[in-house]
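Below is one structure, written out as structure tokens; comments come after it.
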Amino acid sequence: MSGGAPGGTPATGEGGGARADTDTDIDTDTDIDTDIDTDVDPGTDADIDTGEPTWTEEEDDRTAETLAWLREKRKAHRRQKGRDLAVFLYSVVLIAAGYGSAYAVHFLQRARLGADYGGLGERVQDTLPALFTLLTAALALLAARDALWRGPVVVPAPSVGWLLAQPVRRAAVLRPWFRLSAGVAVVPALVVAVAAAVVLRVMDLAPLVTALLALLPAAVCLPLLAVAVGMAVEHRAGLARLVRRFTPLAVLVLMLLAGQVAGAAYGHRSAVLEQVELWSGPWGWAAQPVVSVTGGPAPAWPAAVALLVLLAAAGLVQGHRDAGRVPTTQLRRRAATAQTVSSVMYSVELRAAKLALMDATGTGGARRVRLPRPRSKYLVVVWRDLLSLLRAPARPAKALMWMVCATATAALGLQFGGPERVIGLVAALLLGYVGVGALAEPARLETDDVRRAAWSPFRFRTLMLQHAVVPTVLGALMALLAAVPFAVAGAPWALLLMPVCAVPFAAAAVFAACRGPVRTHLMATGVSTPMGDPGVILFLGWYAAGPLVSVGGLGIALHRVLGRAHLDAGAVADVTAVAAVLTAALLAFTTRSADRLVRH
């Protein structure tokens, strides 16, 4: 490796000096490589030939120069981005003040009347322990699920591909994103705390300042804990696997907590269970100051607040450490997923966003379940749909969960009259549509790429009609089970009405699967009205045509039937006739949409 000329004579001149400097650098690097490659015999040159290039912060740290150069280059972009954000916030504030202030004042007036004369304040006071636990647990689950595909540290794709490849400290690049996520998470929590304090004051449960101070620990610590949970899931692959595995159990716990909230609202409280919840973790620690100021049993709330602050501080410190250790592979994958989701959301391609999230979060391995093959070709589609649901049990479980929520909402809405009953009825029908629609995932997978239908011996329109069989049958069976509590309570008509509603829901779900590409051109029709361009309304009507037709038609029919003094066979026949007409119309539009989808 000598830099001399041929014959062993040392090189002179400008070229020789350059070679001499190179030799000196190589000799110095040899010592570094020898220290790094400790498994290689120092007496050989293998460490020089095979050692990969490396750098240390002491000899080649370019973090300050690189970040300063980026700030200079991004100055104009950040200035424009700040203007856009200011315009967006101004628009949101203007819309909220112009359109939302009247509704807010009306709500607060109704809340005051309800607190004074209807016992609403007492119900809120009774539900606070379970309600706070429910909201906090839901926040933790959302943070953990969000970290499966995004998380607190999401670096843009250009920064992942270029900036992290430079000789810069990873922590200096990644930790500012963690701090930004923590700060952004606290802002909406403070807004919610102010709104909750106003509601408590209106209901005469606590003075405004006292309520705001009681809500402050939860508004600051809970978002920071959620960010810390997300950072832990993002950094640790094993924890991410646990989140995927135990998400169904967590959803079941949330449903039980929702049932406890409903029971507490009607006077069925469990003092022992509430105390266990108040001391079982940060979800209860954050609730204790609020429970105390509203007159509830929480005498040791200062200790709970201290525990909450300590846990939030520890989680924040650990999350700040983990932020600089996220692998580059994870960052690349998350940046690509976030870019895909944001781009398709701008084009209102919600199905594409859902597929990207499913691919990023992982749906678990398919169960190896087998069913005997049918002998008739007309049962092949039904056989495939049943097999797909059995191999992915999360789908029928999700459908059952939404059906339970629909049943609870319907039971709650029937206890009221007037507009409250209508709202509860429409909400229950929407939840029922979502539950039945979860069973129509094989139809959506078929329409994601029509080339997949090459296996079928049927035309595409016939294939899509056959995909409606399984959601119809299973949805009707689930609705029949959901109607049993109503029948026991003295409403046997529910055993017929609720399964009937599942039939148009299945047709609407299959029709929505055949909707095709998003028609964004509907957003701008060029027609001027006093309310502006009606294109947005037309677009939303086209996009949600299936649930609008099915839920709207069934809602009108059920509202008229439930308004009668007595329900008889004629009332059930009327609803059945409406459901049959809706189903026939939706299936006719399904065949037409399927033909158009194939032509495109």
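All told, ALA68 falls short of being closer than 24 Å to VAL326 by Cα, surrounded by fewer than 18 Cβ atoms within 10 Å (Cβ to Cβ), at pLDDT 80 or above and touching a Gly at 6+ places or on another chain (Cβ under 6 Å). Is it fair to say VAL382 is part of a helix (DSSP H, G or I), free of Cβ contacts under 8 Å to residues at least 12 places away in the same chain and β-branched (Val, Ile, Thr)? When the stated conditions are applied, VAL382 does not pass them.
Look at region 573-593: where a residue is touching a residue at least 40 places away in the same chain (Cβ under 8 Å) and a partner is crowded, with 17+ Cβ neighbours inside 10 Å and among the polar types (S, T, N, Q), sitting 6+ places away or on another chain with Cβ atoms under 6 Å, you get LEU582/SER550. For ALA557, state whether it is more than 26 Å from PRO396 (Cα to Cα), under 34 Å from the mean Cα position of the chain (by Cα) and surrounded by 15 or more Cβ atoms within 10 Å (Cβ to Cβ). Considered against the rule, which asks whether it is more than 26 Å from PRO396 (Cα to Cα), under 34 Å from the mean Cα position of the chain (by Cα) and surrounded by 15 or more Cβ atoms within 10 Å (Cβ to Cβ), ALA557 comes out as yes.
Of the residues making up region 499-532, those that are without any contact (Cβ under 8 Å) to a residue 40 or more places away in the chain, touching a helix residue (DSSP H, G or I) at 6+ places or on another chain (Cβ under 8 Å) and not in a loop (DSSP other than H, G, I, E, B) are PRO499, LEU522, MET523.
Only one of the listed residues (ALA353, ALA336, ALA312) is of a type in the set (A, V, I, L, M), farther than 18 Å from ALA240 by Cα, touching a residue at least 24 places away in the same chain (Cβ under 8 Å) and not assigned by TED's automatic domain parsing to the domain that holds VAL198. That residue is ALA336. Annotation: GLY417 fulfils all but one of (1) among the small types (Gly, Ala, Ser); (2) crowded, with 17+ Cβ neighbours inside 10 Å; (3) under 23 Å from TRP493 (Cα atoms); the unmet one is (2). For region 391-413, a residue qualifies if it is surrounded by fewer than 17 Cβ atoms within 10 Å (Cβ to Cβ) and not in a helix (DSSP H, G or I), and exactly one does: PRO393. Apart from one condition, VAL305 fits all of (1) in a loop (DSSP other than H, G, I, E, B); (2) over 22 Å from GLU122 (Cβ atoms); the exception is (1). Residues that are over 17 Å from LEU222 (Cα atoms), of a type outside the set (A, V, I, L, M) and in contact (Cβ under 8 Å) with a residue 40 or more places away in the chain within region 160-206 comprise GLY161, GLN166, PRO167, ARG169, ARG170, ARG175, TRP177, ASP204, listed in sequence order. Checking each residue in region 353-379 for being modelled with pLDDT of 80 or more, touching a helix residue (DSSP H, G or I) at 6+ places or on another chain (Cβ under 6 Å) and part of a helix (DSSP H, G or I) picks out ALA353, ALA356. Within region 539-554, the set of residues being surrounded by 17 or more Cβ atoms within 10 Å (Cβ to Cβ) and farther than 16 Å from ALA506 by Cβ comprises PHE539, TYR543.
The residue list VAL192, VAL184 contains one member that is part of a helix (DSSP H, G or I) and under 30 Å from HIS106 (Cβ atoms), which is VAL192.
For LEU254, the stated conditions do not hold, so it cannot be described as without any contact (Cβ under 8 Å) to a residue 24 or more places away in the chain and closer than 30 Å to VAL154 by Cα.
Here's the yes/no breakdown for (1) surrounded by 14 or more Cβ atoms within 10 Å (Cβ to Cβ); (2) of a type in the set (A, V, I, L, M, F, W, C); (3) modelled with pLDDT under 85; (4) within 25 Å of the chain's Cα centre (by Cα):
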{"position": "PRO302", "(1), (2), (3), (4)": "no, no, no, no"}
{"position": "VAL305", "(1), (2), (3), (4)": "yes, yes, no, no"}
{"position": "LEU310", "(1), (2), (3), (4)": "no, yes, no, no"}
{"position": "LEU316", "(1), (2), (3), (4)": "yes, yes, no, yes"}
{"position": "ASP322", "(1), (2), (3), (4)": "yes, no, no, yes"}
{"position": "PRO327", "(1), (2), (3), (4)": "no, no, no, yes"}
{"position": "ARG332", "(1), (2), (3), (4)": "yes, no, no, yes"}
{"position": "SER342", "(1), (2), (3), (4)": "no, no, yes, yes"}
{"position": "SER347", "(1), (2), (3), (4)": "no, no, yes, yes"}
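The single residue among PRO492, PRO442 that is free of Cβ contacts under 8 Å to residues at least 60 places away in the same chain and closer than 18 Å to TRP383 by Cα turns out to be PRO442.
The values are calculated or read from the model by the stated rules, or taken from the named source; none is laboratory data. These numbers were taken from a predicted model, which means no experiment stands behind them. So basically every Cβ, Gly included, is an ideal-geometry build from the backbone, and we count neighbours across all protein chains shown.
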